[in-house]
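Only one structure is covered here, and it is reproduced in the block below.
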Amino acid sequence: MKKHAPHPCLPQAGTPSPSRGEGKGGGEYWGKAMKIPFMKMSGSGNDFILIDHRNPFLGEDRMKKFARKVCRRRVSVGADGLILVEESKRADFKWRFFNADGSEGEMCGNGGRCVARFAHLKGIAGPSLTFETLAGIISAEVNGKRVKLELTKPHSLKLDEKISIEGKELTLSSINTGVPHAILFLKNLENVDVVDMGRVIRFHPHYAPAGANANFVKVENGSRLSVRTYERGVEDETLACGTGAVASALVAAFKGFVKSPVSIKTSGGEILTVHFEIEEGGVKKVFFEGDVHITYEGEMWEEAYE
């Protein structure tokens, strides 16, 4: 485990812990107003706030509220999610991933690619790294802004289930690629109301209690797919969803539509590449890769999280 310098905004030995809640202003979280260093990153249009939290300053009971506050667009930093990098005894580091609504997510593919590059840039890990998530240990390879991520073994594959959606019987498939995904194949994605239909699928009793991300997929020529996704936790269509791209590719492969590697065109226009090995009706290994972009680094003032 690597040693690291104290967080520049944290009180040092002999001063109160910033998570205790003394003081005024931003003291609900840290006792005194403080500026929090962060990096804003984007993976295929999914944007995230990343914070080095190896020297913890945010109490466990404050994390969800903090995520909701800082992910608000126009009035705070704004993002699809918050990623906290923490120490791990099982991997190079551990992440805590929170959706914009404050819910903690098991896994996020595009967020995973962002945190891998972040950790490498900050000297937390080398270019070949592992990190701990609620879904298991994730491996990644960082090559400049290109990041290749190996996901945990997908499970709970169900093909061609008949489900009633707003009075119509539709054929959906589902698989868990770290988080649950429902897949609906369509001939045209331009006219689909992703938000309204996606919300119905996401909260459908068939996928209760956890709910499911809803992916609308068009099979293109060759091993290419176009995907639009309604994301659980964001509760809206996003420009891309990494685990959704993987889920779409795997279901399409099991249905005989594509073969590895599969190129996925996201709503944001970027291309993700999914690699996988299938044997005996199951998935042996699955990777996906794409570029990760740094938007900016900065310091978050108390107005962003109060």
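Some notes on this structure:
- Residues in the range 188-209 that are among the aromatic types (F, W, Y) and surrounded by 17 or more Cβ atoms within 10 Å (Cβ to Cβ): 1 in all.
- Test result for G178, in the same structural domain as H275 (by TED's automatic domain parsing), within 27 Å of D291 (Cβ to Cβ), of a type in the set (G, A, S) and out of contact with any Lys or Arg (no Cβ under 8 Å at 6 or more places or on another chain): yes
Table: residues versus (1) within 16 Å of the chain's Cα centre (by Cα); (2) hydroxyl-bearing (S, T, Y); (3) at pLDDT 95 or above; (4) within 21 Å of K148 (Cα to Cα).
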{"residue": "M1", "(1), (2), (3), (4)": "no, no, no, no"}
{"residue": "A5", "(1), (2), (3), (4)": "no, no, no, no"}
{"residue": "P18", "(1), (2), (3), (4)": "no, no, no, no"}
{"residue": "W30", "(1), (2), (3), (4)": "no, no, no, no"}
{"residue": "K65", "(1), (2), (3), (4)": "no, no, yes, no"}
{"residue": "F98", "(1), (2), (3), (4)": "yes, no, yes, no"}
{"residue": "D101", "(1), (2), (3), (4)": "yes, no, yes, no"}
{"residue": "E106", "(1), (2), (3), (4)": "yes, no, no, yes"}
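- Selection from the range 203-214 of residues that are under 18 Å from L250 (Cβ atoms) and either assigned to a loop (DSSP other than H, G, I, E, B) or touching a Phe, Trp or Tyr at 6+ places or on another chain (Cβ under 8 Å) (or both): A212, N213, A214
- One residue stands out in the range 145-180 among those that are of a type in the set (G, A, S) and loosely packed, with under 12 Cβ neighbours inside 10 Å: the one that is nearest to S44 (Cα to Cα), namely S156.
- Those strands (runs of 3 or more DSSP E) lying entirely in the range 226-279 with at least 2 residues among the hydrophobic types (A, V, I, L, M, F, W, C) and at pLDDT 95 or above: 262-265, 271-279
- The range 236-277 - residue that is of a type in the set (D, E, K, R) and buried (at least 17 other Cβ atoms within 10 Å of the Cβ) and, of those, farthest from D193 (Cα to Cα): E270
- Qualifying residue in the range 182-198 (condition: among the polar types (S, T, N, Q) and assigned by TED's automatic domain parsing to the domain that holds V258): yes
- Enumeration of residues in the range 173-195 that are of a type in the set (G, A, S) and closer than 19 Å to R224 by Cβ: S173
- If you check G167, G123, G178, G136 for being in contact with a His (Cβ under 9 Å, 6 or more places away or on another chain) and on the phi > 0 side of the Ramachandran plot, only one passes: G123.
- Cβ separations smaller than 6 Å between residues 6+ apart or across chains give the following pairs from the range 187-206 residues that are small (G, A, S) to residues that are surrounded by 15 or more Cβ atoms within 10 Å (Cβ to Cβ): G198/A214; G198/Y230.
The values are calculated or read from the model by the stated rules, or taken from the named source; none is laboratory data. Bear in mind the structure is a predicted one, so any value in this text is a computation, not a measurement. Every residue, glycine as well, gets a Cβ built from its backbone with ideal geometry; the counts of neighbours run over all protein chains shown.
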